[in-house]
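Pasting in a structure now, in structure tokens, and then I'll have a few things to ask.
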Amino acid sequence: MTATEQELLDTLLELEDAVAHVNADPKPDLMALFARLDALTVAMPKDAPPDLLHYLHKKSYQKARLFLQGQDPEAGACPH
């Protein structure tokens, strides 16, 4: 995993945690996380995995996280 991919994964996990605590006081700054994800997406090299680039450009952040964690984003929730 490249440094940019690791930073992406860290930011995606941070986003998931922030969304889980959206009712916290003070509220998490989701806009800053989205801005960071946009910047990291632009920083991805053109030879990055096409599926990852697709997920990031479509803002399919859960699928991007699963991809970076070595899971199949297209498998769905049902194991059958």
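The values are calculated or read from the model by the stated rules, or taken from the named source; none is laboratory data. Model, not experiment: these values are computed from the prediction. A quick note on method: Cβ atoms are made from the backbone with ideal geometry, for glycine too, and the neighbour counts reach across all protein chains shown. Surface accessibility is based on the protein's heavy atoms, side chains included, excluding ligands, DNA and RNA. Shrake-Rupley method; radii C 1.70, N 1.55, O 1.52, S 1.80 Å.
Would you say Lys58 is within 14 Å of the chain's Cα centre (by Cα) and exposed (fewer than 11 other Cβ atoms within 10 Å of the Cβ)?
Against the criterion (within 14 Å of the chain's Cα centre (by Cα) and exposed (fewer than 11 other Cβ atoms within 10 Å of the Cβ)), Lys58 qualifies.
For the range 8-35, give me the residue count where each residue is outside any helix (DSSP H, G or I) and among the charged types (D, E, K, R).
Adding up the residues that qualify gives 3.
From Asp72, Asp47, Asp38, which residue is part of a helix (DSSP H, G or I), out of contact with any His (no Cβ under 9 Å at 6 or more places or on another chain), open to solvent by 40 Å² or more (accessible area, probe 1.4 Å) and of a type in the set (D, E, K, R)?
Just one listed residue meets the conditions, Asp38.
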